[in-house]
Every structure is written in structure tokens, then in C-alpha cells.
Amino acid sequence: MSRIVRVTAVRVIAALSIGVGTLTAQEPPRLPRPTRAPAAPAPRPTPRPTPAPSPSVWSLDGAFLDPMWRDEVAREVSRAARIGADAARAGIDAARMAMTIDGAALRADMAALVPLAELSALASLSEMHALAAVDGVVNLSGLSTLRSRGYRTEAPEPWAQADPADSIYREARKALSSDAYRKAADLFNQIWRRYPTSTYTPDAYYWQAFALQRLGGDQNIGEALATLETQAQKFPKAATRGDAAALRARMEGVLARRGDQAMATTLLGRAESATRDGCPRANDDERIDALNAVTQMDADKAMPILKKVLARREACTQQLRRTAVWLVASRKQPDAAEILMHVAKTDPDKEVREQAVFWMANVPTDEATGMLIDLARRGDDLDLRKRAVYALSRSKQPRAATTLREIALDENAPDELRSDALQWYASGPGKASDDGFAFLKDMYGKSDRPRLKERVLQQIASRRTDESREFLVLIATNPRESMDVRRMAVSVIGNNSMWANARVSGMLTGVGATSAAGSATAALATTAAQLTTIYDKSPDVDIRRQVLSSLASLRENAGIDKLIDVARNEKNLELRKSAVSMLTRTKDPRALALLQEIIDR
């Protein structure tokens with residue numbers, strides 16, 4: 001046994017015995033910073049806190065989301081979240097591969113997509129902006145303008161115990177949270193009638209109106225609107241004035257749809273003002289609300305108004321035009337596709353153009369699909385072409401999927417566009433396709449650019465089938481492949497176990513978590529077997545060293561058997577030392593036994 005290995009083992013056992021468990025030098029503990037006792041704060045009046053945001057009714061650009069549209073948006077957001085999660089995993093894989101292959105700084109191929117959990121939960125449509133990506137994947141950041149302007153539905157915690165109306169506010173808040181809306185409305189009414197100077201009074205008007213709106217009925221809604229008007233006159237700077245405007249718009253739309261002609265005329269006039277008024281005023285949100293209300297009330301009357309809004313070119317009307325794009329798509333009128341494509345090609349605002357392309361996928365016509373295909377193939381703007389590719393991935397028409405495949409294979413198309421087409425096809429329509437794997441193999445064989453080969457390998461690994469694993473092993477052990485590609489395949493295999501690592505480490509909970517953990521453990525064992533095969537078949541030291549690193553990173557010590565075998569039997573001293581060093585990072589008793597065995601020889 002080599003003296004170097006024995007010395008290493010002695011150091012390791014010593015480290016393990018005192019609980020260090022690694023050969024790397026430890027940074028000496030830092031002394032705690034001296035702390036000073038905090039000075040007693042000077043007494044001061046209790047300020048009224050800004051009420052914390054509470055769950056809001058779904059809305060879009062200040063306009064309430066049509067209930068008939070919610071399910072469709074929910075399905076699309078959930079689907080986008082699933083695709084985005086796959087994209088994020090692929091981005092992490094690519095970033096780690098870049099680090100392994102050329103030692104470059106960590107680069108993400110796609111954004112982290114952190115708020116995806118909120119997306120799938122649909123807490124707010126404002127999370128649509130999280131579907132952003134960089135370096136070749138469609139960027140949906142233009143959807144950031146779809147911000148939520150809903151109204152609050154939960155009254156804030158009491159904040160003024162000494163206030164004479166505090167006890168009534170507490171009781172009213174309790175009634176509101178218990179859905180006792182009549183009682184809540186009466187109690188909030190008492191606050192502003194009995195205690196006009198109370199700190200609770202400015203917002204009591206809003207909460208009374210909210211409770212009345214929840215009761216429903218034309219009489220209650222009329223009373224609620226009158227209450228909000230009183231609040232606007234007496235307390236124009238109340239904290240809930242923005243919520244009040246949104247709530248008022250909601251109720252006005254309800255009355256108009258129920259046949260209130262006067263209210264319908266008012267909303268129509270307000271919506272038409274968006275076609276001719278100048279830059280936004282203080283009540284610009286009012287025009288947005290009116291546009292949405294009229295669109296829901298009568299789509300035929302709304303479309304001419306929306307066309308005029310979209311024809312405006314002042315920079316200050318961008319928000320109005322973005323709202324109009326959504327509304328045109330939501331109504332699914334016969335000329336919707338033509339309107340949206342015209343916007344995508346002519347609007348001066350980049351985000352308006354991007355949203356027009358994105359929402360075209362929600363227009364279920366052959367014409368819309370044809371326009372997207374044409375834009376994806378021959379558009380002058382690469383960013384718009386990439387958005388058209390993403391929109392095609394959301395289409396249910398077979399020719400949309402066929403187009404994605406053709407673009408991915410088109411050697412004359414920009415690499416970024418081909419990469420996007422591959423990503424969205426493989427994560428969407430190609431995921432359930434019978435020939436999806438055959439397509440990926442075909443594309444790999446026809447790709448001569450490392451970037452595209454990398455993307456294809458990532459997609460093959462994400463399928464997690466026996467044939468996909470066998471293909472990756474063949475690539476990693478094929479001497480005719482370049483060293484970079486072989487190392488890339490090893491990294492993809494190792495990184496593809498990250499989903500299993502997450503389950504084993506308890507990141508997934510809930511129904512089926514136990515079953516998922518069992519499947520993940522089996523997947524780790526499969527990954528260890530794949531890496532072992534590559535190690536045994538590859539004569540290259542660098543590939544073997546990379547395999548050892550991947551084995552050591554597997555959870556549940558899934559790769560420890562091979563590490564022990566290498567530490568015990570490998571003829572190459574450097575590889576043996578690497579295996580011993582990696583074994584020291586575990587507390588597995590088998591590793592300690594091996595190290596003791598090395599010392600005893």
C-alpha cells in the first residue's frame with residue numbers, strides 16, 4: 001500500500017474521530033462581535049401601520065379577471081410552471097457542466113424561476129413575469145405588466161388599542177373573517193358614525209362596502225357604491241382608496257352586466273375615453289377597469305374601442321395598450337389573431353409586441369397558428385421569433401409541434417432559436433410523443449455545435465428512461481466523441497439525479513411523498529450503476545475522476561460501493577487518492593472501516 005495513501009488514511013481517521021470529517025483546512029472560529037445593550041427607546045405615539053397586503057381577487061392591469069377566463073389561465077400558468085421547472089433544471093445542469101468542462105465562471109442557461117410555486121398556486125397573475133429566461137430560452141418578462149390590482153379581502157390586525165372604536169373594529173373584523181357579512185357591514189358602519197375621528201374611520205367605509213358587496217344584490221351593491229363615494233369625499237388619502245377604486249369597478253361591471261343601462265352607458269363612455277384622452281391622469285386605472293368591464297359586457301361593442309386603443313402611439317399609453325392586448329385575446333373574436341399580429345409587428349413598445357405574440361396562442365384558430373408559424377420561421381426580430389416558438393408550444397394543433405421540430409433541425413436557423421424550439425418541444429408536445437426519443441437522437445446526430453449537443457443531452461437525460469440512460473452511457477464511453485462531449489454526458493447523468501436527491505433529502509412532502517422517496521432511491525441506485533459502467537469502460541483518467549466526483553455527490557451514499565472499490569483496488573495512485581479523499585466526506589461506517597483497513601496493511 002502506498003505510503004501517501006496510508007498517511008492520508010491516518011489523517012482522515014483522526015479527523016473523523018473528532019467529528020471534522022474532511023481533510024480540508026477549517027477556518028478558525030470567529031470571535032463574536034461585542035454587542036452593546038440597546039438603549040431604551042423614547043416613548044412615542046403608536047403610528048398607524050400600513051395595512052399588510054391581504055389576499056386579493058384576481059385582476060389584470062386593474063381590471064377584474066373574467067371568471068370564465070380563470071380556469072384557462074390557471075391551466076396555462078400551471079403548464080408554464082411545469083415547463084419552467086424543467087427548464088430551470090436544465091439550466092442548472094448546463095451551468096454545472098460549464099464549470100466542470102472549462103472552469104469558467106458559473107453561468108446559468110436559464111433564470112432560476114424562483115416564484116414558480118406561487119405561479120402554480122395562482123396567488124396572483126403578477127407572478128407571470130417569473131417565467132423569464134436568458135441565454136436562449138424564451139423570455140416572458142414582458143408579462144410583468146400583468147400586475148395585480150385587486151382589492152383587499154381581509155381587514156388588517158387591530159393597531160390602536162386605546163382608540164374608542166378598537167373593540168368595535170375587532171368585533172367587525174371577526175365577523176368579516178367568519179363570513180358574517182351583514183353583521184360586519186353594520187359594525188363598520190357604527191365605527192364611522194359613532195367615532196368620526198377614530199383612526200379606524202377612514203378605512204371603515206371601505207370594509208363596510210366590501211361586506212355589502214359580498215352580500216350581493218342590487219340594493220346592497222348600490223349602498224356599497226354610495227359608501228365608497230362618501231369615503232372618497234371625506235378621506236381621499238385613506239389607505240384603502242386604491243382598493244376602493246378596484247372594488248367600485250367590480251361592482252359597476254356587475255350592475256352593467258345585470259342590465260343597468262345607466263351604468264353600462266357610464267362604463268362605455270369611460271372606456272371610449274381611453275381612445276382619445278392624452279397621457280394617464282390620476283384616474284387612468286379607471287379607464288382600464290372600464291375597458292375590461294365593457295369587454296365582458298359586450299365584446300362586439302368593445303372590439304372597435306380596443307382597436308382604437310391599440311392604434312395609439314404615445315409612450316404614456318403603453319399600459320392601456322398592454323391591457324387591450326390581453327382583452328382582445330380573452331374574447332377570442334374572429335379577427336383577434338389579425339389584430340394581435342398587427343400589434344406584434346407594428347407597436348413601438350417591446351413589451352406590447354411580446355405580449356401580443358404570447359397571447360396569440362390563446363386564440364384557437366388555424367389563422368392564429370399560421371401567423372405564429374410564419375413569424376417563428378421568417379420574422380426579422382429574433383426575440384419575437386423566440387416568443388412565437390414558445391407560443392407554438394402552447395398550441396394544441398399538430399402542425400405547431402411539427403414546426404417546432406423543423407425549426408430545431410433547421411441548420412440555417414439561429415442557434416438560439418433552434419435551442420428554444422428544442423426546449424419547448426421536448427418539454428411540451430414532444431414529451432408524450434411516441435417518437436420523441438428518436439427525434440432527440442436524430443437531432444444529436446445532426447448537431448455539430450457543442451451548445452446544441454449539450455441541450456439535446458439535457459433533454460435526453462430528462463426523459464429518465466432505460467433507453468435514454470443507455471444512450472448517455474454510450475456517449476460517455478465512445479472514444480470517437482470529443483472529450484468535452486463525453487464529459488458533458490457524464491455531467492448530465494450526475495446532475496440528472498438532482499431530482500432524486502431532492503426527494504431523498506425530504507424536499508418533497510405531501511401525498512405520495514413516501515412513494516416518491518422510494519422511486520428516488522431506486523433512481524439513485526440506477527445512476528450509480530451508470531456511472532460505475534462509465535468508470536469501468538473508460539480508460540481516460542479525467543473522465544474517471546469526474547465519475548468519482550459524481551458518485552460522491554449522490555445522496556444516501558448511493559455511490560459509496562464504487563468509491564470503496566476504487567480506493568481498495570484501483571492501480572492508478574491519483575485516482576485511488578481521490579477516492580479516499582471523497583470517502584472522508586461521508587460518515588458511513590464502511591468508509592471508516594476501509595480507512596482502518598488501509599492503515600493496518
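The values are calculated or read from the model by the stated rules, or taken from the named source; none is laboratory data. None of the values given here were measured: they were computed from a predicted structure. Note that we place each Cβ from the backbone using ideal geometry, even for glycine, and neighbour counts take in every protein chain shown. Remember, those area values only see protein heavy atoms, side chains included, never the ligands or the DNA or RNA. Shrake-Rupley method; radii C 1.70, N 1.55, O 1.52, S 1.80 Å.
Mean projection of the Cα convex hull over all viewing directions, computed for region 398-461: 3.8 nm². What region 267-352 shows is 38 Å² of accessible area per residue, with the surface traced by a 1.4 Å probe over protein heavy atoms. Taking a ≥ b ≥ c as the square roots of the Cα gyration tensor eigenvalues, with a/c under 1.5 meaning rounded and otherwise prolate when a/b beats b/c, else oblate, which class fits region 299-441? Prolate.
Highest-first packing order for the peptide set 351-363, 379-391 is 351-363, 379-391, based on the mean count of other beta carbon atoms within 10 Å. With R₀ set to 25 Å, the beta-carbon distance separating ALA525 from ARG545 gives a calculated FRET efficiency near 0.65.
Classified by the C-alpha gyration tensor, region 143-243 has a rounded form. Its axis ratio a/c, with a ≥ b ≥ c, is below 1.5.
In this label model, ARG170 and LEU474 are separated by 7.4 nm, measuring between points 7 Å along each Cα→Cβ vector. For GLU597 and LYS441, a Förster radius of 45 Å and the Cβ-Cβ distance give a FRET efficiency of 0.50, rounded to the nearest 0.05.
Peptides 590-600, 413-423, ordered by how many other C-beta atoms sit within 10 Å of their residues on average, highest first, read 413-423, 590-600. Subtracting the Cα-Cα distance of ALA232 and SER178 from 0.36 nm times their residue separation leaves 16.7 nm of extension gain. By the gyration tensor of its Cα atoms, with a ≥ b ≥ c the square roots of the eigenvalues, what is the shape of region 267-380: rounded for a/c under 1.5, prolate for a/b over b/c, or oblate? Oblate. Taking 27 Å as the straight-line reach from the Cα of LYS453, the lysines in range (excluding those fewer than 8 positions away in the same chain) are LYS386, LYS431, LYS441, LYS537.
Per residue, the solvent-accessible area of region 553-596 (1.4 Å probe, heavy atoms of protein chains only, all protein chains present) comes to 50 Å².
Once the Cα-Cα distance is subtracted from the 0.36 nm per residue extended length, the THR346 to LEU215 segment shows a gain of 42.6 nm.
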